[in-house]
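To start, the structure under review is shown below, and the notes come after it.
The values are calculated or read from the model by the stated rules, or taken from the named source; none is laboratory data. Remember, it's a predicted structure, so these values are computed and weren't measured experimentally. Here Cβ is always computed from backbone atoms with ideal geometry, including for glycine, and neighbour counts include all displayed protein chains. The protein model used for the area step is the full one, side chains on, heavy atoms only, and it has no ligands, DNA or RNA in it. Shrake-Rupley method; radii C 1.70, N 1.55, O 1.52, S 1.80 Å.
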Amino acid sequence: LEVSLLLDDTQGGKLALLGDEELIRRQKGRCKGCGERISYSLFRFDRNYSPCRYLNGIFCRRWCHFDEKRAIPSRVLHHWDHQPHRVCRQAREFLGHIFKSPVICVGIANPAVFDQV
């Protein structure tokens with residue numbers, strides 16, 4: 001799985017446009033990271049997956065998702081939302097790697113953000 005910097009607000013300000021069940025269906029019942037089988041259950045205590053709010057996919061809890069949270073750059077940039085959200089291991093590593101790097105020119109990506117500060 002290749003992770004890259006995502007800055008577009010493709011979901012109109014929402015964390016997820018699709019529910020877990022629909023994401024699992026679109027992923028053909030497989031983890032987006034490693035391909036392990038995902039079992040959907042209406043009861044949260046026996047599900048073996050978690051959503052990644054950065055990559056907008058479902059990831060297995062065995063290898064790819066450890067319920068860790070990080071601020072999502074597009075949410076900070078477009079909605080001034082610094083709240084940490086659940087991310088998969090791959091997204092956590094990527095976001096940790098770029099955390100202190102000047103990779104976003106905020107004035108170009110969203111000039112209106114300075115009006116909110």
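What to note about this one:
- Residue in the range 30-42 that is in contact (Cβ under 8 Å) with a residue 40 or more places away in the chain and either closer than 18 Å to residue 6 by Cβ or in contact with a strand residue (DSSP E or B) (Cβ under 9 Å, 6 or more places away or on another chain) (or both) present: yes
- Among the residues making up the range 98-117, those that are modelled with pLDDT of 80 or more and farther than 14 Å from residue 6 by Cα are 100, 101.
- Restricting attention to the range 24-77, the residues that are over 11 Å from the mean Cα position of the chain (by Cα), among the basic types (Lys, Arg) and either under 23 Å from residue 93 (Cβ atoms) or at pLDDT 90 or above (or both) add up to 8.
- Evaluation of residue 54 against the conditions (1) surrounded by fewer than 20 Cβ atoms within 10 Å (Cβ to Cβ); (2) of a type outside the set (A, V, I, L, M, F, W, C); (3) closer than 18 Å to residue 17 by Cβ shows that the sole unmet condition is (1).
- Taken residue by residue, the range 54-62 has at least one member that is in contact with a Pro (Cβ under 9 Å, 6 or more places away or on another chain) and aromatic (Phe, Trp, Tyr).
- The range 61-95, residues that are open to solvent by 30 Å² or more (accessible area, probe 1.4 Å) and touching a strand residue (DSSP E or B) at 6+ places or on another chain (Cβ under 8 Å): 61, 67, 68, 69, 70, 71, 75, 84, 86, 89, 92
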